[in-house]
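This report refers to the structure that appears directly beneath it.
The values are calculated or read from the model by the stated rules, or taken from the named source; none is laboratory data. This one's a predicted model, so the numbers in the text were calculated from it and none came from an experiment. Using ideal geometry, Cβ is built from the backbone for each residue, glycine included, and neighbour counts are taken over all protein chains shown.
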Amino acid sequence: MRLRILLYLAGFLATFATTASAADFDRVVKPLIQKYCVQCHNGKDANPDVDFLKTMQSQEVGTVFEIWESAVKQLRAGTMPPDTEPQPTQEERKRVIAWFDDFVQNIEARPAVFQPRRLAVNEYRNTLHSVLGFDLEVAIIEAEQTLAERSLVVKLLPTDPPGKSGFKNDTHSNRLTTVAWDQYSYLVDAGLEQLFQPHRRKALEVYTGRISEDGLTVEQAQQLIKKVLSKARRRKMSADELEKAASRVGGLSGNALVGAVKFELKTILMSPAFIYRGLLISGQRGKRQRVDSYELAERLSYFLWADMPNETLFALAADDSIQQPEVLKQQIDRMLLSPKARSLTADFATQWLTINEIEKVSNNPPQMVALKSQPLDFMHYLFTNNRPLLEMIDSETAFINPHTSRMYGRDAKQMKRYVKQKGIEVEIVANQKIRLEATKERGGILTMPGILAMNRGPILRGTWILERILGDELPEPPANIGQVPPNTRGEKLTFRQRFEKHRSKAACAIWHDKIDPLGFALQDFDNSGKYLRSANYQPSKKQKRKQQAPNLRDNIDTQGKLPSGETFENMSGLKQILVTSQREAVIRNVVERTMSYALCRKLVVYDRPSVDMIVKQMDESNGTWRDLFYAVANSVPFREMILSNAE
C-alpha cells in the first residue's frame with residue numbers, strides 16, 4: 001500500500017527533467033525506484049493501484065506533486081517502503097530528499113489559470129438574500145425544539161458535493177443540470193412574487209424610494225431595474241447597459257408595469273453572470289496580472305462572508321483603493337466584526353473539521369445542538385478575536401450551556417443562572433464563554449465532547465487528528481482487515497492489549513503506525529466524550545448494562561510514541577508535542593486548508609511558495625487567525641490571475 005505513494009514520484013520527476021537536472025534524476029532517483037519499486041509495479045504485473053510504466057509517462061505536474069510530497073514525508077519518517085520489503089539506506093533517503101528540497105526551493109510562485117465557477121448553494125442563498133433583502137423560507141409546522149431546514153434555497157437546490165479541495169465552494173466540476181435550472185427559475189419567481197407583496201414593501205423601497213398609494217411609477221421601476229442589475233452583476237455597469245435594460249418598461253403602468261419589471265428582474269437573476277462568479281472578469285488573456293478590483297472584492301467577500309460584496313466593498317472597488325494592502329487589511333477587520341463572518345465557521349470550519357458528523361451523536365435536538373455549537377462558537381471566537389492559530393489545539397477558553405455544563409465540573413459555575421421557559425421540558429440554549437481553570441483537560445477543540453463523541457474509539461480519533469489537524473491523508477485500509485477481536489473465554493486482556501494483537505499483523509501495523517498513538521492519547525474520554533478521571537464521572541446506562549463501567553477507569557492507558565520517536569504520557573503531553581515539535585505541520589495544514597477554501601480550489605504546485613512563505617511567517621511570529629487572513633488575501637494566488645486564451 002505504501003509503495004503506491006513512492007511510485008508516483010517517477011512520473012513527477014520525469015516531468016521535471018527539463019526544469020531540473022536530468023542527470024540528477026537519472027543518478028539519484030531513478031535507481032531508487034528501480035531497486036525498490038519496479039518488481040511490484042511493472043506493466044502486466046503492476047500492483048492494482050499503480051502501473052509503474054504508465055506513471056513514468058505522466059506529463060501533468062500538478063497531478064503527481066502532492067503524492068510525491070507525501071512520499072517525501074514518509075521517506076523522512078522512515079515509514080516507507082514497508083518493513084517487509086528491502087529498505088533504502090539512510091544515505092539513499094537523504095539524497096532523494098535533498099533532490100526534492102532543491103526542486104521545491106526553485107518553484108516560482110504564480111497564480112493559477114482563472115476558471116469561473118457556479119455559486120455554491122449557501123453562497124447563492126446569501127447572495128439572493130442580499131439582492132432581495134430577505135430570505136426565502138418555507139412554512140413549517142414543527143414541534144417545539146425540533147430542527148428543520150427553513151431555507152427554500154437549501155431545500156430545493158441539489159446539494160453541493162465537495163470539490164477536489166474537499167470544500168463545497170469548489171464547484172468547478174458541478175454541472176448546471178436542467179433540474180437545477182428549473183429550481184433556480186422557481187426560486188427567482190418566488191422571490192420576486194414576495195418582493196412585490198405588501199409585507200415586503202420595505203425591501204422594495206430600498207431600491208425605489210417611497211411608493212405612493214397609486215403604485216409603482218415608471219421612474220421608480222427603471223431605477224429598480226438599474227440598481228438590481230448593478231448589484232446582481234457585482235460590478236459597475238455602463239450607462240448604456242443600464243439604460244437599455246430600463247428602457248423596456250417605459251410607457252407602462254399598473255399591473256402591466258409590475259409584470260414587465262418582474263420579467264426584467266428575472267432575466268437578470270437567471271443570467272449566468274449572477275449564478276456564476278467570474279464571467280465578467282476583465283484583463284488580458286494569457287498574461288499574468290492582478291485581478292481587477294471588483295474580482296478582488298468578490299474574492300474577499302465570498303471568502304469571509306460566503307456572500308456578495310456590500311456597498312462599502314463596491315465603493316472601494318470602484319476607485320481601485322481596495323487594491324491597497326492597508327485598505328484590504330481594514331476591510332478584513334471590519335468584515336470579521338460582521339455577523340456575516342459566521343460563515344467562516346458554518347462553512348469553512350464545519351467542512352474542514354467534519355463538525356456536521358456531531359449531528360449523528362444524539363437524537364435529542366437540544367443536546368445535539370449543544371455539542372455541535374460548542375466547537376463552532378469556539379472556532380468563531382478564534383477567527384474573529386485575533387487569537388493565535390495554535391490556540392485551536394489548547395486553550396483556556398471554552399463555550400458551554402446547561403446541556404454540556406456537567407462535563408466542566410466547577411468551571412460550569414461561571415455560567416449565568418439558567419431559567420428554563422415554562423412548559424418546555426428541554427430547550428436549545430445559547431452557549432456562554434467560560435475560562436477553564438478546574439477542567440484544563442478540555443482545552444482546545446480536540447477534547448470537546450462533541451468532537452470526541454463523533455469519533456468513537458482510538459482509530460477514529462487518531463485518524464481525525466492525523467487528517468484534520470496534521471493534514472496527513474491516509475490510504476484506504478486493506479480489504480478484510482477485520483475488527484479488534486473480543487476476549488476469548490478466560491482472557492482478561494484490556495482493549496489496548498487486544499488491539500496490539502490486532503495490529504501485530506503486517507497489513508494492520510502499516511495502517512496503524514500513525515493512528516494509534518494519537519487515538520490512544522484520548523482514552524481518558526469515553527464514547528460520549530465524558531472524562532473518565534473526573535471525580536463525578538457517571539457511565540451511561542448502556543455501559544452499566546454491559547458491566548464495563550469498572551474497567552473503563554481501571555484500565556486506562558494513554559501513553560504513546562509517534563513515528564518521529566517522540567513519546568508522551570497522555571493527551572496533555574500530546575498537545576504539548578503538537579504545539580512545539582509538530583507546530584510546523586499543524587500550521588501548514590491550517591494554512592493550506594484556509595487558502596484552499598479562500599481560493600475555492602485544490603492547491604497546486606505553484607501555490608507551494610506562497611504557502612511556505614505564510615507558514616514561515618505564522619510559525620515565527622506565533623501568528624493569529626487574523627494574521628493568516630491578511631496573508632492569504634495578499635498572496636499571489638489570491639491577488640493575481642492568468643486568464644485563459646480560450647474565449
(message) Just checking, does the stretch 605-628 include any residue being closer than 25 Å to Pro161 by Cα and either in a strand (DSSP E or B) or not assigned by TED's automatic domain parsing to the domain that holds Glu123 (or both)?
(response) yes
(request) Output the residues belonging to the stretch 515-573 that are at pLDDT 90 or above, polar (S, T, N, Q), out of contact with any Pro (no Cβ under 8 Å at 6 or more places or on another chain) and surrounded by 14 or more Cβ atoms within 10 Å (Cβ to Cβ). (result) Asn527, Thr558, Gln559, Asn570, Ser572
(message) I'm checking my understanding of the structure. Among residues of the stretch 567-604 that are assigned to a helix (DSSP H, G or I) and small (Gly, Ala, Ser), which one is nearest to Tyr302 (Cα to Cα)?
(response) Ala598
(request) Would you check if there is a residue in the stretch 145-161 being of a type outside the set (Asp, Glu), modelled with pLDDT under 95 and in contact with a strand residue (DSSP E or B) (Cβ under 6 Å, 6 or more places away or on another chain)? (result) yes
(message) With the requirement that a residue be in contact (Cβ under 8 Å) with a residue 60 or more places away in the chain and crowded, with 17+ Cβ neighbours inside 10 Å, what does the stretch 385-423 give you?
(response) Arg387, Pro388, Leu389, Leu390, Met392, Ile393, Asp394, Met407, Gly409
(message) Looking at Arg125 and the list (1) part of a helix (DSSP H, G or I); (2) out of contact with any Ser or Thr (no Cβ under 8 Å at 6 or more places or on another chain); (3) without any contact (Cβ under 8 Å) to a residue 40 or more places away in the chain; (4) under 24 Å from Lys227 (Cβ atoms), which single condition is not satisfied?
(response) (2)
(request) Test Glu326 against the criterion of being surrounded by 14 or more Cβ atoms within 10 Å (Cβ to Cβ), over 21 Å from the mean Cα position of the chain (by Cα) and not in a strand (DSSP E or B), and give yes or no. (result) no
(request) Can you run down the residue pairs with Cβ atoms below 6 Å, 6 or more apart or on separate chains, where the first is in the stretch 84-103 and over 13 Å from Pro31 (Cα atoms) and the partner is not in a helix (DSSP H, G or I) and not polar (S, T, N, Q)? (result) Phe103/Ala20
(request) State which residue pairs qualify: first residue in contact (Cβ under 8 Å) with a residue 60 or more places away in the chain and inside the stretch 356-375, second residue charged (D, E, K, R) and not in a helix (DSSP H, G or I) in any location, beta carbons under 6 Å apart, and separation of 6 or more residues or different chains. (result) Pro366/Glu427
(message) What pairs come out if I take residues in the stretch 275-297 that are without any contact (Cβ under 8 Å) to a residue 60 or more places away in the chain and pair them with residues that are surrounded by fewer than 16 Cβ atoms within 10 Å (Cβ to Cβ) whose C-beta lies under 6 Å away, six or more apart or interchain?
(response) Asp292/Ser282; Ser293/Asp320
(request) Report, by residue number, each residue of the stretch 432-455 that is over 18 Å from Gly573 (Cα atoms) and among the polar types (S, T, N, Q). (result) Gln432, Asn455
(request) Scan (1) in contact (Cβ under 8 Å) with a residue 12 or more places away in the chain; (2) in a helix (DSSP H, G or I); (3) not assigned by TED's automatic domain parsing to the domain that holds Ile469 for the single condition Pro309 breaks and write down its number. (result) (2)
(message) Any residue at all in the stretch 289-304 that's in a loop (DSSP other than H, G, I, E, B) and more than 25 Å from the chain's Cα centre (by Cα)?
(response) yes
(message) I'd like the residue in the stretch 89-137 that is within 28 Å of the chain's Cα centre (by Cα) and β-branched (Val, Ile, Thr) and, out of all such residues, is surrounded by the fewest Cβ atoms within 10 Å (Cβ to Cβ).
(response) Val113
